[in-house]
Amino acid sequence: MRRRDFLQLDVFADRPGAGNPLAVVLDARDLDTGAMQAFAAWTNLSETTFVLPPVEAAASYRVRIFTPRQELPFAGHPSVGTAHALLEAGLVSARAGQLVQECAAGLLPVQVAGEGAARRVSVRAPRGRIRPLRARPDALLEAALAGLVRGDLAPALIDNGPAWWVVELADAHQVRAMVPRLREIAALTEASGAVGLAVFGRAAGTDHALAVRAYCPADGIPEDPVTGSANAAIAAWLHENQALAAVGNPYVASQGREIGRDGRVEVRVDADGEVWIGGCTQTVIRGTLDW
């Protein structure tokens, strides 16, 4: 059995204990899919990543991303955290502040600024698109959102690798006071092929533009602390509806406060309509792994 370098990080965090935890296996060359999935289930974190040599010549590295129950083509906090881990370990070097991540969703550019705990990493998310449905699960959606005061934008299922139900609530107070109906959310996501449901509301007069919460109960994650792909899906939906001006561009989203993991996601939509998500990452555990 080969010993491997292993890190555990807090992503979208300005200090250890904030943001979203991530496990990173820095060399997974001889692990098969079953072994990766088993280890991701063992860590019981929302995501675990496995670093591999790139297949594409343009890529700096390749990564596979697993929840405790399934592999994902893309996820935001694993992408940001893995890039940070590889830079910290000296396994990759940014050229002119740029890396290229290879994952199941394709080649994604990564931007790097700063060093150490102050390093900021941003990844360009796959373009978010409305996922067509044969029939809208309106009854399931209403059951999942019962008792909540909605915002102006209609709920949408946005696919940017994973698919997220994106729902605007009236304001940040509605988001923060939400008591999730996890059974109903699981029924909605399972029926529509979504990974989860994300709600957001505008946070006037604070240091962030949006409050966000995300739920993935069908995947064994009742509430995800801080979710890059969900925040990217929200930004894509705001952009699609010409609603970014009221929020700001770039802007900061606050997520995780309600479960003690207060994180900050830096979000911007570029001139081509591409969504970038990023922030700081804190390394908490450095060690080795036998698996």
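Our note on the geometry: Cα centres of the range 19-77 and the range 251-267, 23 Å apart. With a ≥ b ≥ c taken as the square roots of the eigenvalues of the C-alpha gyration tensor of the range 53-195, please select rounded if a/c is under 1.5 and otherwise prolate if a/b is larger than b/c or oblate if it is not? Prolate, because a/c is 1.5 or more and a/b exceeds b/c.
DSSP assigns beta bridges within the range 129-273; of those with both partners inside it, close to 70 percent run antiparallel. Between residue 95 and residue 133, the modelled labels are 4.4 nm apart [label points 7 Å from Cα along Cα→Cβ]. Between residue 152 and residue 285, the simple label model (points 7 Å from Cα in the Cβ direction) yields a spacing of 4.6 nm.
Taking the Cβ of residue 217 as the centre, find all other residues whose Cβ is under 12 Å away and add up their charges (Lys, Arg: +1; Asp, Glu: -1). Value of the local net charge: -2. Our summary of shape: the Cα atoms of the range 129-273 have principal axis extents of 34, 34, 25 Å, ordered from largest down, in whole angstrom. Averaged per residue, the range 1-142 has 46 square angstrom of accessible surface, using a 1.4 angstrom probe with ligands and nucleic acids left out. For the chain, excluding the exposed loop sites themselves (GluC sites (Glu not before Pro), DSSP loop, at most 12 other Cβ atoms within 10 Å), the longest remaining stretch covers 116-291.
Taking a sphere under 9 Å around the Cβ of residue 196 and counting the other residues whose Cβ falls inside, with K and R at +1 and D and E at -1, yields a net charge of -2. The structure shown yields semi-axes √(5λ) of the Cα gyration tensor in Å, and of the options [x] 38, 32, 18; [y] 30, 21, 18; [z] 34, 20, 19 that calculated value carries the label [y]. Note on the chain: with neighbouring protein chains present and a 1.4 Å probe, carbon and sulfur make up 50 percent of its accessible heavy-atom surface. Scalar couplings 3J(HN,Hα) for the range 36-41, obtained by applying the Karplus form with A = 6.51, B = -1.76, C = 1.60 to θ = phi - 60°, are 5, 5, 5, 5, 4, 5 Hz; x denotes Gly and Pro.
The values are calculated or read from the model by the stated rules, or taken from the named source; none is laboratory data. Computed from a predicted model, the values in this text were never measured in an experiment. No Cβ is skipped: glycine too gets one built from the backbone with ideal geometry, and neighbour counts run over all protein chains shown. Note: areas computed on protein heavy atoms with side chains; ligands, DNA, RNA excluded. Shrake-Rupley method; radii C 1.70, N 1.55, O 1.52, S 1.80 Å.
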